[in-house]
Amino acid sequence: MRIDKFLHAMRIGTRTQVRRLIKDGHITANGEPVLSGKQQINPGSDAVFLDDEQVRYQQYFYYVMNKPLGVITATVDAQAKTVLDLFNTTDYRDDLFPVGRLDKDTEGVLVITNDGALSHALLAPAHHVTKLYEAEVTGEITAEQVAGFNAGITLKDGTQLQPAEAEIVEFHEIENFTTIRIKIHEGKYHQVKRMIGTLGERVVQLQRIKFGSLQLPVGLLAGNYRALTDAELAALKADAGQEED
Ligand code: URA
């Protein structure tokens, strides 16, 4: 692999920044200065250094984003802004993708990675990875009305849902809406909105606050992302039934 590609893929900098680092003599491979970005290296076995720091090979990248309203959970789109458009040029890689979907008008916790196996396992129905949503819903919803969700309801189009848990957080009397938390173990299209639809009400605001064991990080503003911590990643892998290596 070309060393400039390797350094860019390891998020050392943009292509231009990488070119400059090489030109200015900051990069060595196996103790020898690297003179050209075209130099071939073996990422698994060659010791590449940026000044005194080793640039270690990393195959997979994992991020948590607080998805904002108005962007779509896709990698590219001709018209709409995607969650990948929110990545800065250093972190962006063309193999990153969002794990699962959130609607354009839903915000909250979203995992973005290039690890296809983990994504597949997290979304596999067999693993029942839980998703916790907080919704603002028109009208007054009572605990009795949502109690039925526990048994697994049938949507208007006949789709049978697995049991879900719902909790009324607060009824806002003056504005006439209810804040509800709903925990689901599957991910059907518009699931929360359609569940609320069975009560004759409408979701006006929806936020995912937990995906598996991954909580929306406190202080991570809508539109921002950060790398998963080792502990968060290990917990997600456990959610997905993947052994730690
Ligand atoms: N349920 C919905 O209706 N929308 C989402 O984005 C996620 C869950």
When the dipole is taken about the Cα centre of the chain, and only Lys, Arg (+1) and Asp, Glu (-1) are charged at their Cβ, what size is it in debye, to the nearest 20? 840 debye
Between LEU69 and GLU144, what length comes free when the chain is fully extended (0.36 nm per residue of separation minus the Cα-Cα distance, one decimal in nm)? 23.9 nm
How far, in nm, would the chain grow between THR179 and GLN59 when pulled straight, counting 0.36 nm per residue and subtracting the alpha carbon separation? 39.1 nm
When only Cα pairs under 8 Å and 6 or more residues apart are kept, what is the percent relative contact order across the range 3-54? 34 percent
What is the packing order of peptides 189-200, 64-75, taking the mean over residues of other C-beta atoms within 10 Å and listing the highest first? 64-75, 189-200
So if the hydrodynamic radius of the chain is defined as the Kirkwood radius over C-alpha pairs, what does Stokes-Einstein give as its diffusion coefficient at 10 °C and 1.306 mPa s, in µm² per second? 78 µm²/s
Packing-based exposure ordering (other Cβ within 10 Å, fewest first) of SER213, SER119, SER45, SER36: SER45, SER36, SER213, SER119
Pairs of Cα atoms under 8 Å, at least six residues apart: use those to get the relative contact order of the chain, whole percent. 19 percent
The range 131-211: relative contact order in percent, alpha carbon pairs under 8 Å with at least 6 residues between: 45 percent
So what's the net charge close to THR138: Lys and Arg +1, Asp and Glu -1, counting the other residues with Cβ under 11 Å from its Cβ? -3
What longest range of the chain stays clear of loop-exposed GluC sites (Glu not before Pro) (DSSP non-H/G/I/E/B, at most 10 other C-beta within 10 angstrom)? 1-172
Can you find, among THR229, PHE49, ILE174, the residue farthest towards the positive end of the dipole of the chain? Put +1 on the C-beta of Lys and Arg, -1 on that of Asp and Glu. PHE49
Sequence order, the range 120-134: Karplus ³J(HN,Hα) from phi using 6.51 cos²θ - 1.76 cosθ + 1.60, θ = phi - 60°, Hz rounded, Gly and Pro as x, gives 4, 5, 5, 8, 5, x, 4, 8, 6, 4, 7, 10, 10, 10, 10
Taking Cα centroids, how far is the range 162-238 from the range 93-149 in Å? 7 Å
Which is farthest toward the positive dipole end of the chain among GLY187, VAL34, THR113, measuring Cα position about the Cα centre, with Cβ charges +1 (Lys, Arg) and -1 (Asp, Glu)? VAL34
Pull up the cross-link candidates among the lysines for LYS67, meaning alpha carbon to alpha carbon under 28 Å and not fewer than 8 places away within one chain. LYS81, LYS104, LYS131, LYS183, LYS188, LYS193, LYS210, LYS237
In debye to the nearest 20, the charge dipole size for the range 3-54, taken about the Cα centre with +1 at each Lys and Arg Cβ and -1 at each Asp and Glu Cβ, equals 380 debye
Points 7 angstrom from Cα along the Cβ direction at HIS120 and LEU35: gap in nanometres? 4.5 nm
Note: ASP230 to ALA151 extended length (0.36 nm per residue) minus current alpha-carbon separation gives 24.8 nm
In terms of modelled amide H atoms, which long-range or inter-chain residues lie less than 5 Å from the amide H of GLY108? LYS67, ARG208
Between 0 and 90°, nearest 10: helix 230-239 axis offset from the chain longest Cα axis: 50 degrees
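Throughout, read-outs are computed from the coordinates displayed, never taken from laboratory work. A quick note: this is a predicted structure, and the numbers were derived from the prediction, not measured. With ideal geometry, Cβ positions are generated from the backbone for all residues, glycine too; neighbour counts draw on all protein chains shown.
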